[in-house]
Amino acid sequence: MPPQLCGRGCLIGQRLLITSCHTICSYDDAVAMSVQFGFDFSEDDPDPSPQTYRLAPKRLFLADMELDLTVVAVADCDGVPPGDAYGRVSLLERTDQGDEVHEHILQWLQEYPFTPTARELLDRELEGMR
């Protein structure tokens with residue numbers, strides 16, 4: 001197990017992690033945190049080899065306590081973006097009820113008051129996912 005497990009999240013872009021705001025509450029928290037991918041604790045593989053990626057909130061950090069959402073950039077590891085190594089969740093807009101959460105996330109991301117630099121980074125990361 002990781003030294004201090006504090007929450008879960010998923011990749012929504014090559015280098016973008018989405019999680020609960022109560023998991024990563026602030027920029028300062030994100031600076032001190034990392035995320036692990038590639039661990040599956042099971043009887044078949046009692047010694048998984050997870051890969052640790054540092055969070056990169058300097059590149060992008062968005063948090064909304066009311067919606068309990070945080071999106072934070074993740075640094076590459078050995079030159080490989082985490083999305084290339086582990087895949088990501090699609091945020092394609094759909095009309096069926098099962099994707100209502102995805103639609104809310106997209107709406108939140110589209111309405112967030114970004115700086116122009118952050119908007120450009122987000123658009124690049126999510127390119128082809130809308």
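Summary of computed values
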{"quantity": "All positions within segment 9-31 that are of a type in the set (S, T, N, Q), outside any loop (DSSP other than H, G, I, E, B) and out of contact with any Ser or Thr (no Cβ under 6 Å at 6 or more places or on another chain)", "calculated": "none"}
{"quantity": "Residue under evaluation residue 14, criteria (1) more than 11 Å from the chain's Cα centre (by Cα); (2) modelled with pLDDT under 90, criterion not met", "calculated": "(1)"}
{"quantity": "Residue list for segment 62-111, restricted to those being among the charged types (D, E, K, R), modelled with pLDDT of 85 or more and in a strand (DSSP E or B)", "calculated": "none"}
{"quantity": "Residue in segment 42-57 that is of a type in the set (A, V, I, L, M, F, W, C), surrounded by 12 or more Cβ atoms within 10 Å (Cβ to Cβ) and modelled with pLDDT under 90 present", "calculated": "no"}
{"quantity": "Looking only at segment 5-35, and only at residues there that are among the hydroxyl-bearing types (Ser, Thr, Tyr) and closer than 17 Å to residue 86 by Cβ, the one that is surrounded by the fewest Cβ atoms within 10 Å (Cβ to Cβ)", "calculated": "34"}
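The values are calculated or read from the model by the stated rules, or taken from the named source; none is laboratory data. Everything quoted here is computed from the prediction, not taken from an experiment. Positions of Cβ are backbone-derived with ideal geometry, glycine not excepted, and every protein chain shown enters the neighbour counts.
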